[in-house]
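Everything below concerns the one structure shown next.
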Amino acid sequence: MGKAAAHLQPEEMVTAVQNVLADEGSEIMQTVADRWIEQGIEQGLQEAILDILSVRFEIVPQEIEAEVTAVNDADQLRYLHRQAILVKNLGEFAALLPESQE
């Protein structure tokens, strides 16, 4: 312990540690909550894309389904969502997917 800690009463030290943990704990929980929200948005977009494709083209190949669910970037999923509405066929949509471009 440093010199300052030697002058603290045990109750003061406990309070100081609890305050530090409370502040850091809330930041950690906020980060976790933000990530869960982000994952929920991504999953919702993935499901919406697949739903649009299935309504438009009836059967969505498993490869396309797997590639859509592998995308974890909300901006890219929003783009794919719009394109699922606009493309003329599944081949055109498949060409937009990241794995298809390698």
Scan segment 46-68 for residues that are within 18 Å of the chain's Cα centre (by Cα), surrounded by 14 or more Cβ atoms within 10 Å (Cβ to Cβ) and of a type in the set (A, V, I, L, M, F, W, C) and report the count. 4
Segment 86-102, residues that are touching a residue at least 12 places away in the same chain (Cβ under 8 Å) and surrounded by 12 or more Cβ atoms within 10 Å (Cβ to Cβ): L90, F93, A94, L96, L97, P98, E99, S100
Just one of E65, E38, E12, E27 is of a type in the set (D, E, K, R), out of contact with any Asp or Glu (no Cβ under 7 Å at 6 or more places or on another chain), at negative phi and modelled with pLDDT of 95 or more; which is it? E65
Odd one out for V71, checked against (1) of a type in the set (A, V, I, L, M, F, W, C); (2) exposed (fewer than 12 other Cβ atoms within 10 Å of the Cβ); (3) at pLDDT 95 or above: (2)
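The values are calculated or read from the model by the stated rules, or taken from the named source; none is laboratory data. None of the values given here were measured: they were computed from a predicted structure. So basically every Cβ, Gly included, is an ideal-geometry build from the backbone, and we count neighbours across all protein chains shown.
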